[in-house]
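What follows is a set of notes on a single structure, which appears directly below.
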Amino acid sequence: MINHEEVNAFDDKVSKFEEELDIDIAQSDKELIDLSDHLGIGVDELTAKKYKPLLGILLGILLGILSGVLWAVITQLTGFSIGYAAIGVGFAVSLGFTIAGESTDSVIGIIAGIIAAFSIFFGEMLNLLLELASYWQVSLLETIVTVYYSEVIKYIFESIGGIDILFYFLAISVAYKNSFTKTSKVDINANSIT
């Protein structure tokens, strides 16, 4: 049988603990803001992990290339061009940027979107080169050396359809939105105190 007095007493203890925790967090945030004012630097500078843009770009390119290769290999193995895999390419590129630290600069998102678009294009080009190597019955390396890239690029652009454009857009959006933060956690807490 449930003892309602014990349940109510427990609920009161939990509520009191939550109130104390909220007060402690608010006090910590206020102390952090006071310290940043005293030092003459922003709260973001005081708390944020130092962002390394070059590292983010390099990791974004590396993960974009790797995911483009993976996409081409999966396409070759399955015989299907899986469009929603482009979204995975966008996530992979943005992951490279977030590994490098936390940035609130939207330029990072634009760079990530551009890298995602090139990574998808690279995956499509690699897929076409693999198709040509199979058709000509030669190695991929021989295909890479002998193919006319102007024709390959022309073919890719001619074969892009509406659904491809949609997945390019989704991948670019994912890379853009996930590569930087719009506000920091400290800004949100600071705004809730005042």
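Computed from the coordinates by the stated procedures, all read-outs in this text should not be read as laboratory data. Note that the coordinates shown come from a computational prediction; the quantities given were computed from them, not determined experimentally. Cβ coordinates were reconstructed from backbone atoms using ideal geometry, including for glycine residues, and neighbour counts include every protein chain displayed.
Note that the stretch 90-100 has calculated 3J(HN,Hα) couplings of x, 5, 4, 4, 5, 4, x, 6, 6, 5, 6 Hz, one per residue in order, obtained from phi through the Karplus relation 6.51 cos²θ - 1.76 cosθ + 1.60 (θ = phi - 60°); glycine and proline are x. Candidates V73, S150, W136 compared by Cα position along the dipole of the stretch 53-178: farthest toward the positive end lies V73, with charges placed on Cβ. Taking chymotrypsin sites (Phe, Trp or Tyr not before Pro) across the stretch 99-160, the ones in a DSSP loop with at most 15 further Cβ atoms lying within 10 angstrom of their Cβ are Y148.
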